[in-house]
Amino acid sequence: MKLRPALFALAATVITAPALAKDVTLLNVSYDPTRELYKALNTAFVADWKASHAGDSVTIRMSHGGSGKQARAVVDGLPADVVTLALAYDIDAVADRGLLAKDWQARLPDNASPYTSTIVFLVRKGNPKGIRDWGDLVKPGIQVVTPNPKTSGGARWNFLAAWGYALKQPGGNDDTAKAFVKALFQHVPVLDTGARGATNTFAQRGMGDVLVAWENEALLAKREPGGDQFDIVVPSITIVAEPPVAVVDKNAAAHGTTEVAEAYLKFLYTPQAQEIEARNFYRPRSPEVAAKYASQFPQVKTFTLAEVFGDWRKAQAKFFADGALFDQVGPGN
Amino acid sequence: MRRRVLPGFGLSLGYTLTWLCLVVLLPLAALAWKASGIGFEGVARLFTSPRTLSALKLSFGGALLAAMANVVIGLVVTWALVRYRFPGRRLLDALIDLPFALPTAVAGIALTAIYAPNGWLGQWLVPLGIKVAYTPLGVLLAMVFVGFPFVVRTLQPVLQSLERDVEEAAESLGATGAQTFLRVILPTLVPTLLTGFALSLARGVGEYGSVIFIAGNIPNRSEIAPLLIVQRLEEFDYATASALGIVMLAFSLLLLVLVATLQRWTRRWAEPAT
């Protein structure tokens with residue numbers, strides 16, 4: 001609720017921005033760990049737009065926060081022209097309120113996710129507990145740090161990755177997966193509300209032996225001061241995390257920004273943008289750029305959400321809704 | 001019409017009511033309206049769930065304990081600040097307000113950093129089996145931290161205006177130190193202590209920012225009620241979130257009315273002493 005005044009202030013600045021046709025302001029409502037990424041992407045897009053549209057200028061404003069919270073803000077009236085969130089379910093929620101077409105994910109290539117990431121492990125230097133794969137997380141004496149999937153979009157990918165691993169073991173089915181995930185959460189001493197919080201608990205507070213994290217967060221943590229204290233471990237199989245993007249049709253139409261907003265999202269797929277995404281530790285979709293950054297992104301066997309779970313609405317209902325699987329097998333049970 | 005003693009009564013009352021409506025009643029009405037979506041059955045299911053009950057127990061139980069601790073510590077600290085002159089007193093006095101000014105998230109991170117297993121105090125406490133960070137004890141600690149200034153700041157002016165000759169009179173009539181404190185000083189302070197208690201309690205019940213960093217947030221163990229509300233919001237379940245909010249409000253109101261009644265009662269009891 002404390003956000004409200006800030007949102008209204010933001011809304012006011014956006015609305016009062018000069019209404020000249022050639023001066024366009026876009027509001028991109030994104031999630032937490034994309035700050036550095038979009039700072040770089042926006043600079044590139046603004047220059048690109050200026051070059052192809054002489055005399056025009058475009059300004060991109062950013063809003064960052066937890067993915068679910070950001071989706072709620074847009075539902076409640078934050079005038080986002082585009083949303084770039086951590087999972088499709090949050091954009092579905094915006095679409096459910098009629099702010100954009102329900103088939104938004106089919107309007108751009110690759111499930112409307114220009115870049116991906118994956119779920120990996122961050123362990124202490126030298127991997128003293130010998131953690132190699134998901135199965136090692138449930139060994140006696142291992143403490144696992146992962147945020148709460150009920151409050152963190154990122155953590156839902158973690159949960160689904162663990163579930164998918166268990167399903168894909170010999171003889172794997174829903175029951176074995178349930179047992180595995182239940183055992184896994186018995187090893188979780190702290191459930192932070194967001195991904196950054198969990199990273200801090202692991203890295204700064206020294207809690208736990210392994211952090212289940214997005215690869216881009218893990219790579220970023222390694223680049224930060226003290227990052228040499230950690231090693232990244234890639235499990236035998238993991239999920240492709242697809243953070244999607246979409247134009248909020250209704251808002252963009254009202255602001256007259258549809259054209260720029262669409263161009264902005266298409267720009268995210270260009271080789272130039274893919275490079276920036278790779279430099280910011282997101283896996284690019286473009287095979288050429290991916291090849292160039294192959295040393296940064298190790299080969300990993302993956303499955304997609306669609307292959308194992310269908311879509312986000314189904315996954316949400318089965319695992320994360322009130323009283324659903326996470327509530328049955330999560331910590332404290 | 002009878003002339004009122006206070007000029008501008010109509011204006012000030014109108015202003016008061018408008019303002020109350022805008023900042024208190026209107027948001028509360030919106031809350032009730034949003035909550036009405038889940039129906040009685042939904043409410044019943046919500047409040048028979050062990051998880052909800054354990055979160056409410058932690059929030060209210062923790063806030064009650066924290067408020068009690070604050071009353072005792074606050075009394076001692078205020079006494080020292082008011083009755084004694086020592087170097088650094090003014091600085092100490094200013095420090096009391098710090099929890100007011102600090103963003104609660106910063107407070108939570110600072111407390112966690114100190115009490116985590118690798119923290120300044122945590123590295124000594126954890127080997128002794130005393131775990132503070134990521135346990136209900138941490139929740140209590142955060143609530144004590146944010147509620148502490150309320151007790152000191154309400155008590156301070158009262159203690160300052162407490163006349164010393166009353167104590168001297170008691171002493172000259174042969175009262176021991178303990179008697180003077182228990183029968184002369186304490187009765188006059190109790191109503192104020194209760195105010196501080198109520199403020200600290202209310203703050204603790206609603207506290208979110210500092211607590212989530214230190215709580216560990218494990219369901220049925222270290223999960224506070226406001227976090228349950230946030231989780232419901234994440235599921236876009238506004239109705240259940242609002243219903244939880246209303247129950248917390250109702251319970252808080254009940255506690256505050258109880259404290260106010262107690263206060264009136266003790267004030268009467270304090271009368272003969274002054």
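Points to keep in mind about this one:
- Within segment B:172-209, restricting attention to residues that are on the phi < 0 side of the Ramachandran plot and not in a helix (DSSP H, G or I), the residue that is surrounded by the most Cβ atoms within 10 Å (Cβ to Cβ) is B:E207.
- Qualifying residue in segment B:210-221 (condition: surrounded by fewer than 20 Cβ atoms within 10 Å (Cβ to Cβ) and assigned to a helix (DSSP H, G or I)): no
- For segment B:222-244, the tally of residues that are surrounded by fewer than 23 Cβ atoms within 10 Å (Cβ to Cβ) and within 19 Å of the chain's Cα centre (by Cα) stands at 1.
- Evaluation of B:Y238 against the conditions (1) of a type in the set (F, W, Y); (2) out of contact with any Lys or Arg (no Cβ under 7 Å at 6 or more places or on another chain); (3) within 11 Å of chain A (Cβ to nearest Cβ) shows that the sole unmet condition is (2).
- Checking A:K150, A:K182 one by one, the residue that is touching a Lys or Arg at 6+ places or on another chain (Cβ under 9 Å), basic (K, R) and either in contact (Cβ under 8 Å) with a residue 12 or more places away in the chain or in a strand (DSSP E or B) (or both) is A:K150 and no other.
- Segment A:160-183, residues that are in contact with a Phe, Trp or Tyr (Cβ under 9 Å, 6 or more places away or on another chain) and within 14 Å of chain B (Cβ to nearest Cβ): none
- Those strands (runs of 3 or more DSSP E) of segment A:224-333 in which 2 or more residues are modelled with pLDDT under 95, within 14 Å of chain B (Cβ to nearest Cβ) and closer than 29 Å to A:R132 by Cα are absent.
- Checked against (1) away from chain B (no Cβ under 14 Å); (2) part of a helix (DSSP H, G or I), A:R196 passes all but condition (1).
- For segment A:113-128, the count of residues that are away from every other protein chain (no Cβ under 14 Å), under 30 Å from A:F267 (Cα atoms) and hydrophobic (A, V, I, L, M, F, W, C) is nonzero.
The values are calculated or read from the model by the stated rules, or taken from the named source; none is laboratory data. What you are looking at is a predicted structure, and each value in this text was computed from that prediction instead of being measured. Counting neighbours? That spans all protein chains shown, and the Cβs are built from the backbone with ideal geometry, glycine included.
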